[in-house]
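Reviewing the structure listed below.
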Amino acid sequence: MTKIVIYSKNNCVYCTKAKNLVTNLGLQFEEKSFEKDFNSDVDKLLEHVGKKVRTMPQIKIDDVLIGGYNQLVEYFNDKGKVNFKGEIIG
């Protein structure tokens with residue numbers, strides 16, 4: 001089973017889009033909230049993500065950092081699950 005972790009923050013449109021995409025693909029994910037899980041501490045977040053990032057969301061699949069929403073779409077596009085717009089195929 002694929003392990004997906006979505007690092008998100010409040011009022012983040014692309015965070016919501018990423019969570020919706022994963023959910024609509026029928027996959028489960030763990031959400032890590034910048035505000036709740038990291039108390040808005042950037043250093044703690046970066047320690048979990050594994051590198052300096054400037055945008056949210058950040059997504060890990062099977063402990064590998066994929067990147068943000070656009071990289072998530074590319075990841076699933078490469079697997080034939082979504083088109084380049086992030087729309088589910090099939």
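The values are calculated or read from the model by the stated rules, or taken from the named source; none is laboratory data. Please read these numbers as outputs of a predicted model, since none were measured by experiment. Don't worry about glycine lacking a Cβ; one is built from the backbone with ideal geometry, like all the others, and counts go over all protein chains shown. Heads up: the accessible areas ignore ligands, DNA and RNA and are worked out on the full protein's heavy atoms, side chains in. Shrake-Rupley method; radii C 1.70, N 1.55, O 1.52, S 1.80 Å.
Spot the failing condition for Met56; the list is (1) open to solvent by 40 Å² or more (accessible area, probe 1.4 Å); (2) touching a helix residue (DSSP H, G or I) at 6+ places or on another chain (Cβ under 9 Å); (3) over 23 Å from Met1 (Cβ atoms), and only one is missed.
With (1) open to solvent by 40 Å² or more (accessible area, probe 1.4 Å); (2) touching a helix residue (DSSP H, G or I) at 6+ places or on another chain (Cβ under 9 Å); (3) over 23 Å from Met1 (Cβ atoms) applied to Met56, the lone miss is (1).
Residues of region 1-24 being open to solvent by less than 80 Å² (accessible area, probe 1.4 Å) and of a type in the set (Lys, Arg), which ones?
Result: Lys19, single match.
Is one or more of the residues making up region 25-46 open to solvent by 80 Å² or more (accessible area, probe 1.4 Å) and among the hydroxyl-bearing types (Ser, Thr, Tyr)?
no
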